[in-house]
1. In the set 32, 39, which member is at pLDDT below 90 and of a type in the set (A, V, I, L, M, F, W, C)?
2. Across the stretch 72-87, which residue is surrounded by the most Cβ atoms within 10 Å (Cβ to Cβ) among those that are under 16 Å from residue 36 (Cβ atoms) and of a type in the set (A, V, I, L, M)?
3. For the stretch 92-101, check the following and say yes or no: at least one residue is surrounded by fewer than 17 Cβ atoms within 10 Å (Cβ to Cβ), at pLDDT below 95, over 12 Å from the mean Cα position of the chain (by Cα) and part of a helix (DSSP H, G or I).
4. Going through the stretch 45-64 one residue at a time, which ones are assigned to a helix (DSSP H, G or I) and either in contact (Cβ under 8 Å) with a residue 60 or more places away in the chain or surrounded by 13 or more Cβ atoms within 10 Å (Cβ to Cβ) (or both)?
5. State which residue is modelled with the lowest pLDDT when the search covers only the stretch 117-128 and only residues that are hydrophobic (A, V, I, L, M, F, W, C) and more than 12 Å from the chain's Cα centre (by Cα).
6. For residue 107, only one of the following conditions fails: (1) of a type outside the set (A, V, I, L, M); (2) more than 13 Å from residue 35 (Cβ to Cβ); (3) surrounded by fewer than 14 Cβ atoms within 10 Å (Cβ to Cβ). What is its number?
7. Quick one: which residue in 90, 83 is touching a strand residue (DSSP E or B) at 6+ places or on another chain (Cβ under 6 Å) and touching a residue at least 24 places away in the same chain (Cβ under 8 Å)?
8. If a residue must be closer than 17 Å to residue 6 by Cα, under 13 Å from the mean Cα position of the chain (by Cα) and not in a helix (DSSP H, G or I), how many such residues does the stretch 65-82 contain?
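The values are calculated or read from the model by the stated rules, or taken from the named source; none is laboratory data. Predicted model, so just to flag it, every value in this text is computed and none were measured. Positions of Cβ are generated from backbone atoms using ideal geometry, with glycine treated the same way; all protein chains shown enter the neighbour counts.
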Amino acid sequence: MADIVEVLGVYDADGGVRGEVSYVVGHLLGRVECALCDVTHSLVRRKSRWDAMVSRLPVPVRLVHRNEVTAAERTAWSDVGLPVVLAATPIGGHHVLLDRADLAALDGSVEAFDAALRDALVAATDAP
């Protein structure tokens, strides 16, 4: 597999003020869930542990909402759903590193995400 130039996390939520408010209210009422949101954010802000972990990774990480992705990025996760973590290659390709089930299993833990992502990055770069 080609080198990975970026890790892209796609939230199962819309961006913008309306999207953010809708997610928070839905989450508080137990109607919506986003396992990637649980890893990266507390109730009102991004976790400082997340920022520290990202600063130690060997590739940059970009987080986007489902309404902020490109068509190519959408195609990469269309079969597995959201939330998802993708690897971006130098030629513009994307493939799944962590899917919805992988993220749900982390139970909101930044440390567990770090370990799972590092394992997925090694597996992806070692693949033929």
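1. Details: 39 fails: at pLDDT below 90.
Testing whether each residue is at pLDDT below 90 and of a type in the set (A, V, I, L, M, F, W, C) leaves just 32.
2. Top of the filtered list is 84.
3. no
4. Here is the first cut: in the stretch 45-64, the ones assigned to a helix (DSSP H, G or I) are 48-55.
Hits for the stretch 45-64 are 49, 50, 53, 54.
5. Of all residues in the stretch 117-128, those hydrophobic (A, V, I, L, M, F, W, C) come to 117, 120-124, 127.
Among the residues that remain, those that are also more than 12 Å from the chain's Cα centre (by Cα) are: 120-124, 127.
On the way: 120: 96, 121: 95, 122: 93, 123: 92, 124: 89, 127: 66.
Selected residue: 127.
6. (2)
7. Details: 90 fails: touching a strand residue (DSSP E or B) at 6+ places or on another chain (Cβ under 6 Å).
From the options 90, 83, the qualifying one is 83.
8. The total comes to 2.
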